[in-house]
Amino acid sequence: QVQLVESGGGLVQPGGSLRLSCAASGFTFSTYTMTWYRQAPGKERELVACIVSSGVIRNYVDAMKGRFTISRDNAKNTLYLQMNSLNPEDSAVYYCDARVALKEYWGQGTQVTVSS
């Protein structure tokens, strides 16, 4: 019943920007901490950032601080990730994640490719 749908990825040149979205349904979105992860080919999933229900931002990975911003719109049940100053190391599939009723959920992911 829980569903997370990521969108907004694509091909961008180094130094460019993208805004990812995650549309959530099937649970009370406004009460849950939400997290962005990413996974590059051959690597394990990596934490990007998380945001608590009140909107306080927590746990940015050091490499993303100052470039990425996580936010949420509880009225729209949507999680966002604004990504600026992108570099090829940011290329990955980006996933939205939620833990609901002791079970973890994530979407299908959205591909971000940073290439010249």
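Relative to the Cα centre, the charge distribution of the chain, modelled as +1 at Lys and Arg Cβ and -1 at Asp and Glu Cβ, gives a dipole magnitude of about 200 debye. Sparse packing (at most 10 other Cβ atoms within 10 Å of the Cβ) combined with a DSSP loop state is found for the following trypsin sites (Lys or Arg not before Pro) in segment 1-107: LYS43, LYS65. Measuring from each cysteine beta-carbon in the chain, the ones with no other cysteine beta-carbon under 4.7 angstrom are CYS50.
Projecting the Cα atoms of ALA92, SER116, VAL56 onto the charge dipole of the chain, computed from C-beta unit charges around the Cα centre, puts VAL56 farthest toward the positive end.
The radius of gyration of the Cα set in the chain, together with its Dmax, comes out at 13.4, 43 angstrom. When you filter the GluC sites (Glu not before Pro) in segment 1-75 for DSSP loop state and at most 10 other Cβ atoms inside 10 Å of their Cβ, you are left with GLU44. With the highest mean first, a sort of the peptides 87-94, 20-27 on other beta-carbon atoms found within 10 angstrom per residue produces 20-27, 87-94. Our analysis of segment 19-72 gives Rg over Rh at 0.98, with the two radii drawn from alpha carbon positions and Rh computed by the Kirkwood formula.
The numbers here are math on the coordinates, done by the rules we state, and not lab data. It should be emphasised that the depicted structure is a prediction, and the values quoted were computed from it without experimental measurement. Cβ coordinates were reconstructed from backbone atoms using ideal geometry, including for glycine residues, and neighbour counts include every protein chain displayed.
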